Amino acid sequence: MRELLRRAAERCERVVVLLGDPAYYSRFGFAPASRFGIVADPAWGAYFQACALGVEPDVPSGTYTYAEPFARLG
């Protein structure tokens with residue numbers, strides 16, 4: 001996970017989001033995505049998390065949607 005976050009930062013990504021156990025991913029800097037104004041399926045609850053890779057105000061906010069190929073999977 002640390003390597004993934006490092007590489008994402010190198011690519012100037014501003015945030016990484018995932019679905020996972022908050023107790024595990026919090027050690028890598030993940031927090032509820034809602035903290036950043038990122039919303040998704042309410043059923044995901046606290047498992048939908050984000051890790052800011054820069055200054056928090058730079059994190060894009062809004063509704064999270066899957067990329068089209070994944071969205072078609074249902």
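Some notes on this structure:
- The chain: relative contact order as a whole-number percent, Cα under 8 Å and 6+ apart: 35 percent
- The Cα atoms of the chain give a gyration tensor whose axes a ≥ b ≥ c have a/c under 1.5, which makes the shape rounded.
- Residue-averaged [θ]222 nm for the chain, counting only DSSP H segments that reach four residues, each worth -39500 (n - 2.57): -5000 deg cm²/dmol
- Charge dipole (the chain, unit charges on Cβ, about Cα centre) - positive-most of Val39, Thr63, Met1: Met1
- Note on the chain: with charges restricted to the Cβ of Lys and Arg (+1) and Asp and Glu (-1), its dipole about the Cα centre is near 160 debye.
- The order of Phe28, Phe48, Phe70, going from fewest to most other C-beta atoms within 10 Å of their C-beta, is Phe70, Phe28, Phe48.
Laboratory data are not the source of any read-out in this text; all were calculated from the coordinates shown. Treat the numbers as computed from the prediction; the structure is a model and nothing was measured. All Cβ positions, glycine included, derive from the backbone under ideal geometry; neighbour counts span all protein chains shown.
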